[in-house]
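Novice: For reference, the structure I am asking about is given below.
The values are calculated or read from the model by the stated rules, or taken from the named source; none is laboratory data. Quantities reported herein were computed from a predicted structural model and do not represent experimental measurements. Methodologically, a virtual Cβ is constructed for each residue, glycine included, from the backbone with ideal geometry; neighbour enumeration extends over all protein chains shown.
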Amino acid sequence: MKKISLLSISLIVLMAFSMPQLVQVTHAATPVKIGLLAPKTGSLGSLGLSFENGAKLAVSDLNKKQSTYTFSLVTQDTKTTPTGAKDAIAALATAGVSGIVGAAASSSTLSALPVAVANKIPMISYASTSPSLTTAADSGYLWRVVPSDTYQGQADASLAKHFNLHNVAVIGLNDAYGQGLINAFTTAFKAQNSTNNITTTQAYDQATQKDFSSQVTNIKNSKPDGIFMVSFVTDGSAILNELKKQGVYVPIMGTDGIGTSSMFKNPGVNDSMNGVVGSAPGVTGTPTFNAEYKKAYNVDPTIFVAEAYDAATIIGDAVIKAQSTVGADVNAQIKTVGTNFQGASGTITFDTNGDVSKASYDIWQVQTTGGKASLVTIGSWKSDTLTLNSTKLATTAPIFVGKAPSPFNFLFFLVGFGVLVVLYKKRKLLNL
């Protein structure tokens with residue numbers, strides 16, 4: 001074996017260092033901002049955090065399933081007002097978001113929409129249900145994962161028919177959500193029977209009105225056999241309390257705006273809402289989502305939380321499919337992603353207007369036991385058919401009985417029982 005000279009070794013070392021080095025390059029994940037328009041304050045303020053938590057959970061899951069992008073959530077408070085929503089979306093546009101989850105209230109979504117269109121940023125609402133969104137001038141940038149209230153009005157009219165109501169008083173928000181749903185209900189209700197009548201329609205501005213005594217007096221004087229209300233949490237609580245105060249005891253039908261346990265945090269509502277029934281799209285998510293949400297936040301998801309999760313997920317998936325963070329590119333992929341999308345709130349397929357193509361509603365009722373109220377799902381409405389579980393529907397509440405519970409009922413029971421005891425003892429003494 002020949003010995004390798006010192007010169008040969010030196011040449012080998014020199015060649016090794018002069019050859020191109022193979023370096024493994026690790027590309028950093030591309031940051032992506034998803035915006036959220038949430039009502040952290042205002043009449044829907046009690047629900048804002050739960051919507052935010054739903055979107056946060058989606059962002060977390062998006063980051064777990066891929067490493068190309070790092071998603072983050074940027075939240076702005078709409079204050080449940082059109083002006084607040086406009087300011088909030090302007091802040092999101094400045095922050096450079098690729099898509100926006102929201103808004104919640106229909107009036108907030110419509111107010112924010114022109115800013116989204118001008119900046120070519122897609123919006124996917126998780127709770128805006130007004131029929132006016134279908135035909136809004138959105139240039140294709142507005143989507144929603146909840147059905148139009150055109151269907152919910154039909155569902156609520158079916159409830160009125162079930163309870164044999166023919167003269168219904170209406171009270172609701174004087175905005176896109178309130179008036180859109182009131183019109184949908186009125187149309188469907190009158191179409192059911194030529195004798196059906198709206199005894200009065202009371203509209204109000206939820207941002208400014210706190211006292212509803214005059215509206216409730218008008219409702220009482222119209223002598224309805226039922227009431228249909230389209231309200232949010234704060235104003236809805238005040239209306240229900242005033243109805244009880246003025247002794248208006250007729251069946252009350254509500255919508256998703258009050259179909260939440262957040263109502264029960266307001267004084268008096270546990271009693272005044274007892275027996276109220278209503279409809280709501282997507283009250284509960286899939287069992288898998290509900291379990292994941294509870295594990296993350298140690299509480300069950302409220303209404304529209306699963307929808308907020310789905311809206312954020314669709315935006316994230318559209319970013320991944322587009323391989324771009326530019327809003328216009330993301331928007332171009334939403335229709336594809338949102339076709340037969342298996343979401344936390346169910347299967348989602350967008351139509352040409354950006355609406356979901358199918359509508360189904362849970363029917364809920366507030367039932368109070370021992371002074372503690374809870375929301376109970378008592379049925380559903382789907383494909384023009386109302387299905388109620390008669391064993392779950394409670395009709396013993398004052399609004400169904402038609403009169404206030406008497407505080408003397410228990411006293412009368414005690415007196416009657418005492419009389420029976422006395423008579424029994426007297427009979428024993430007389431050996432009868």
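Novice: Residue check: is G268 surrounded by fewer than 21 Cβ atoms within 10 Å (Cβ to Cβ) and not assigned by TED's automatic domain parsing to the domain that holds A38?
Specialist: Answer is yes for this residue.
Novice: Ok, one more. Can you work out which of the residues in the stretch 327-384 that are outside any loop (DSSP other than H, G, I, E, B), out of contact with any helix residue (DSSP H, G or I) (no Cβ under 8 Å at 6 or more places or on another chain) and among the polar types (S, T, N, Q) is farthest from S272 (Cα to Cα)?
Specialist: Among those that are outside any loop (DSSP other than H, G, I, E, B), out of contact with any helix residue (DSSP H, G or I) (no Cβ under 8 Å at 6 or more places or on another chain) and among the polar types (S, T, N, Q), it is Q342.
Novice: Condition (residue is in a loop (DSSP other than H, G, I, E, B), touching a Phe, Trp or Tyr at 6+ places or on another chain (Cβ under 6 Å) and either among the aliphatic types (A, V, I, L, M) or surrounded by 23 or more Cβ atoms within 10 Å (Cβ to Cβ) (or both)) applied to the stretch 240-251: is it met by at least one residue?
Specialist: yes
Novice: Oh, and also: Looking only at the stretch 190-239, which residues are closer than 27 Å to T385 by Cβ, touching a residue at least 60 places away in the same chain (Cβ under 8 Å) and surrounded by fewer than 23 Cβ atoms within 10 Å (Cβ to Cβ)?
Specialist: Correct list: D225, G226.
Novice: If we scan the stretch 145-153, do we find a residue that is touching a Gly at 6+ places or on another chain (Cβ under 9 Å), outside any helix (DSSP H, G or I), modelled with pLDDT of 95 or more and within 25 Å of K245 (Cα to Cα)?
Specialist: No - not one qualifying residue is present in the stretch 145-153.
Novice: Hey, K120 hits all of (1) outside any helix (DSSP H, G or I); (2) not assigned by TED's automatic domain parsing to the domain that holds F51 but one; which does it fall short on?
Specialist: Looking at each condition in turn, K120 falls short on (2).
Novice: Turning to a different aspect of this structure: Scan the stretch 117-137 residue by residue and report those that are closer than 13 Å to I334 by Cβ and in contact with a strand residue (DSSP E or B) (Cβ under 7 Å, 6 or more places away or on another chain).
Specialist: I121, P122, M123, I124, S125
Novice: Here's a follow-up. Kindly list, by first and then second residue, each pair from a residue in the stretch 315-339 that is assigned by TED's automatic domain parsing to the domain that holds G96 and modelled with pLDDT of 95 or more to a residue that is among the acidic types (D, E) and surrounded by fewer than 24 Cβ atoms within 10 Å (Cβ to Cβ), limited to pairs with Cβ atoms under 7 Å and residues at least 6 apart or on different chains.
Specialist: A322/D329; V337/D317
Novice: Given the conditions (1) in contact (Cβ under 8 Å) with a residue 60 or more places away in the chain; (2) β-branched (V, I, T); (3) assigned to a helix (DSSP H, G or I), and given that T187 satisfies all but one, which numbered condition is not satisfied?
Specialist: (1)
Novice: I need the full set of residues from the stretch 207-231 which are within 22 Å of S130 (Cα to Cα) and either acidic (D, E) or at pLDDT 95 or above (or both), in order please.
Specialist: Hits for the stretch 207-231 are I227, F228, M229, V230, S231.
Novice: Yes or no: T260 surrounded by fewer than 24 Cβ atoms within 10 Å (Cβ to Cβ) and either of a type in the set (G, A, S) or under 30 Å from V299 (Cα atoms) (or both)?
Specialist: yes
Novice: Condition test on L62, is it farther than 30 Å from K190 by Cβ, in contact with a helix residue (DSSP H, G or I) (Cβ under 6 Å, 6 or more places away or on another chain) and in a helix (DSSP H, G or I)?
Specialist: So L62 passes the test.
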